[in-house]
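This report refers to the structure that appears directly beneath it.
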Amino acid sequence: MHNPRLDGLGDYFFRRLAALLEPLTPAPNVEPIDLSIGQPMHPTPRLLEETLAGNGHLWGRYPPVVGMPDFREAVCDWLTWRYNLPERMLSPDRHVLPVAGTKEALFMLSQLVTPESVAEAKPAVLMPNPFYNVYLGGAIVAGAEPVLLPVTAETDHLPDLDALDPDLLERTVAFFLCSPSNPQGGAADLAYLTRALQLARRHDFLLIMDECYSEIYGDRPPVGSLEAAAALGGALDNLIVCHSLSKRSSAAGLRSGFVAGDATLLKDFARLRSYGAAVQPLPLMAAATALWRDEDHVRENRDRYREKFDLADKYLAGHFDYVRPDGGFFLWLNVGDSEAITRKLWCEAALKVVPGAYLGYADQSGWNPGAHAVRVAMVHDLTTTEQALDRLVGTLC
């Protein structure tokens, strides 16, 4: 027995990277530095451990799928403050659900909205290209056609909304957008997000906004899609936004995030998740609640990333089409042949990066919009980051 939809998944990009580098030996006499995975290496907030220690009595209770009221209230308070939303635009009881990290939610959301057909055609799920592989996997398993929209520096690292075919939009059931984007770090402005939401409502599809990098930025906080909803009157129809503590709070192991938005869809999503999704234990949810109510650790975390991007400015200015990203913690460097350069950096500098070709998908002509670049995760401490940048420039320049 075999589900043929799984054949469309291919290997996840980390498995492809392991296969690429396994036959090779890293450069001797230097400590390898893994820059391939977006796993924050900053200290976890002390608040997390303190809250966990104070809520050990909750380990014996089954957690509800909808989470605890305190968590949902903390999320609504944070969203309202962060995006300057009108009071009472968000209801803790209707507009928020906790999830065990946004990866799970992003994978399952396509199942929420994909029917057998749309106007006798196969449902389409739109996503940027390059992209977070989970978008593709969720669409394929749901039975939709993934439609990959090329994003480049010329499109500000966002899909070109003007290039979307009306017939495609009529069979679209979901549109994944990431802002700030992974891997390029481009952030959408309010006009772009407003237009995307208007398209979702006009053609009745779900706009799924992945905003998990929203709290890592330079001088200006990125606009959020809820601001677009507020600008259009405050309704949340056709919109679900995903946020996580993994990057914001350097707490990837907590596996805590939330989805917020369209109340009708979230009610259905809670029903879907009750059948098979992981539900966050109550002590972890208590810790997550405390983290959403605290901004001090977020500012400290953001300052650490700013220092590392200051180093990147110093080392990479004039090289690899480097531009300091609007947000997130990745470098997206134009190196030519991404697989060849990934091998070179491993063999000559003991640096592990991700070929952009593994984050993109080739179109019918064979063009892969990620094939020219490598993704570099700026997740280590300042000293390690400087060592990595020094080796990278010394090897490639």
Self-check item: Contour excess over end-to-end distance, with Cα ends at GLU307 and MET1 and 0.36 nm allotted per residue
Solution: 104.9 nm
Practice problem: Please name whichever of ALA53, HIS157, ALA119 sits farthest to the positive end of the charge dipole of the range 47-294, dipole taken about the Cα centre and charges placed at Cβ: Lys and Arg +1, Asp and Glu -1. | Solution: ALA53
Exercise. Using Cα positions and a limit of under 16 Å, work out the lysines in reach of LYS103, with same-chain residues fewer than 8 apart set aside.
Key: LYS247
Practice problem: Can you tell me the FRET efficiency between GLU49 and LYS267 if r is taken as the Cβ-Cβ distance and R0 is 41 Å, rounded to the nearest 0.05? | Solution: 0.75
Quiz item: For the charge dipole of the range 47-294, defined by +1 on Lys and Arg C-beta atoms and -1 on Asp and Glu C-beta atoms about the Cα centroid, which residue among THR172, PRO130, ALA278 has the Cα displaced farthest towards the positive pole?
Solution: ALA278
Quiz item: So how far, in whole Å, is the C-alpha centre of the range 171-221 from the one of the range 276-298?
Solution: 24
Quiz item: Taking θ as phi - 60°, what are the ³J(HN,Hα) couplings along the range 2-17 by the Karplus curve (6.51, -1.76, 1.60), each to the nearest whole Hz, with x for Gly and Pro?
Solution: 7, 7, x, 4, 5, 5, x, 6, x, 7, 4, 5, 5, 5, 5, 5
Quiz item: Which of the trypsin sites (Lys or Arg not before Pro) found in the range 1-79 are loop residues per DSSP with 16 or fewer other Cβ atoms within 10 Å of their Cβ?
Solution: ARG61
Exercise. For the range 1-127, just say rounded, prolate or oblate: build the C-alpha gyration tensor, square-root its eigenvalues into a ≥ b ≥ c, call rounded for a/c under 1.5, and beyond that prolate if a/b exceeds b/c, oblate if not.
Key: oblate
Exercise. Place the peptides 105-116, 306-317, 290-301 in order of packing, highest mean first, counting for every residue the other Cβ atoms within 10 Å and averaging per peptide.
Key: 105-116, 290-301, 306-317
Quiz item: Under 17 Å from the 7 Å Cα→Cβ point of ALA191, by amide nitrogen: which residues of the range 231-257?
Solution: 231-232
Self-check item: Sequence-distant aspartates and glutamates (8 or more away, or on other chains) whose Cα lies within less than 15 Å of LYS267
Solution: ASP93, ASP237
Quiz item: Which value does Rg/Rh take for the chain over its C-alpha atoms, Rh per Kirkwood?
Solution: 0.96
Quiz item: How much length, in nm to one decimal, is gained on full extension between ALA235 and ASP363, taken as 0.36 nm per residue of separation minus their Cα-Cα distance?
Solution: 42.4 nm
Quiz prompt | Qualifying chymotrypsin sites (Phe, Trp or Tyr not before Pro) in the range 47-99, DSSP loop, other Cβ atoms within 10 Å at most 12 | solution = TRP59
Quiz item: Under a point-charge model restricted to the Cβ atoms of Lys and Arg (+1) and Asp and Glu (-1), what is the dipole moment magnitude of the chain relative to its Cα centre, in debye to the nearest 20?
Solution: 780
Exercise. Could you list the chymotrypsin sites (Phe, Trp or Tyr not before Pro) in the range 153-228 that lie in coil according to DSSP, counting only those with at most 12 other Cβ atoms within 10 Å of their Cβ?
Key: none
Practice problem: Once you have the Cα-Cα distance between TRP59 and THR25, take 0.36 nm times their residue separation minus that, and quote the gain in nm to one decimal. | Solution: 7.7 nm
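Every read-out reported here was derived from the displayed coordinates using simple, explicitly stated rules and does not represent laboratory data. What you see is a predicted model; the values in this text were computed from it and never measured. Cβ: placed from backbone, ideal geometry, glycine included. Neighbour counts: every protein chain shown.
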